[in-house]
């Protein structure tokens, strides 16, 4: 069994990992860390969420930072504010027993003046959403000339959210003696274009697929019902779940808002989470969900990125997504930490082909529940 020490990670960082209960490296960490710790190279990692990517790139970044140099030395770009906060928090925890590395997370939806003020302090690693980082560059609030490593985390997601122009600007801004480490679940045409434009032809590549794309402790079910019956079927399901907590997914912001209002009207403790919400409102909803004063969250796919809430019994696909990645992310919110989970799709008859597609691609069996 490989250890973090054998991968080239320092004793001080390993001590921080142990305190977080991270003892044995995951497969992607074993495949990635030795290369990134010891070599100056561009890197492409194809991996799903939940494979241990943050430590796979985070530990090499922390290992290579010069703690005496106060310039920004590493830049991590991520699609959502939640993921930015999550990555920055993990890096901070990893360094509990090592030389102090100053990490700052910057993202849209928060006051830019406060972020500018924090960036005036010594900052060696910036974790950012592309849009906010471009805003800061245009204001002259951040200097990327000393950056040695740029990480593109969930590159496919950033590009699908429309950040192509911003990524090009940032990568042009950091051009020179720097390496790019790109992580992506899929190698879509826009991702390949970034690779061909900005990464060396000699970039190291690791393709890592989880043995099972979805957690084996999740049970997959579906109900066929007419559009008019969906709410009724959902209410019957929620009644059977009693005090259990879960996430309900819709494909659009409007649908999420409408469904949350319908549930509240039925005295069901719920709230909507969607991309147009102000950061203050969003934080309020997430706090209420995490402290269990709200039992059910109705969310869109993009809004749910980066949410880490434990002990969720079920996920309901009120509107099923035909996107494989979205199904994986949705279902993966339940069945964590050895617990059993349930993923339930409410579909119309014409959508049954989507169920067959999911079964085939994910190598799972979805059970039909009849009235």
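Readers should treat all values here as calculations from the given coordinates under stated rules, not as data from a laboratory. Just so it is clear, the structure is predicted and the values come from calculations on it, not from any experiment. Because the Cβ atoms are built from the backbone with ideal geometry, glycine has one as well, and the counts that use them run over all protein chains shown.
Of the residues 11, 146, 329, 71, the one with the fewest other Cβ atoms within 10 Å heads the list, and the complete ranking is 11, 71, 146, 329.
Based on C-alpha pairs under 8 angstrom that are at least 6 apart in sequence, the chain has a relative contact order of 17 percent. Dividing the Cα radius of gyration of the range 163-238 by 2.2 N^0.38 Å, with N the residue count, gives 1.88. In the frame of its principal axes, the range 218-368 has Cα extents of 41, 35, 29 Å, reported largest first. With R₀ fixed at 35 Å, the C-beta to C-beta distance from residue 242 to residue 15 puts the FRET efficiency at about 0.25. Rounded to the nearest 0.05, the FRET efficiency derived from the C-beta distance between residue 360 and residue 68 at R0 = 41 Å is 0.15. Approximating the spin labels as points 7 Å out from Cα along Cα→Cβ, the residue 168-to-residue 196 distance works out to 1.4 nm. In this label model, residue 280 and residue 24 are separated by 4.8 nm, measuring between points 7 Å along each Cα→Cβ vector. Here the gap between residue 266 and residue 93, fully extended at 0.36 nm per residue and compared with their Cα-Cα distance, gives a gain of 58.1 nm.
With both labels modelled 7 Å from their Cα along Cα-to-Cβ, the residue 350 to residue 117 distance reads 5.4 nm.
Entry note, the range 218-368: relative contact order of 37 percent, from Cα contacts under 8 Å with a spacing of 6+ residues. Once volume of the Cα convex hull per residue in Å³ is calculated for the structure shown, the corresponding label among (i) 178; (ii) 143; (iii) 475 turns out to be (ii).
Per residue, the convex hull spanned by the Cα atoms of the range 12-158 measures out at 113 cubic angstrom.
From least to most packed, judged by other beta carbons within 10 angstrom and beginning with the fewest, 296, 268, 44 follow the order 268, 44, 296.
The length gained on full extension between residue 287 and residue 235, counted as 0.36 nm times the residue separation minus their Cα-Cα distance, comes to 16.3 nm. Net length available on complete extension from residue 322 to residue 175 is 49.2 nm, with 0.36 nm assigned per residue and the Cα-Cα distance removed.
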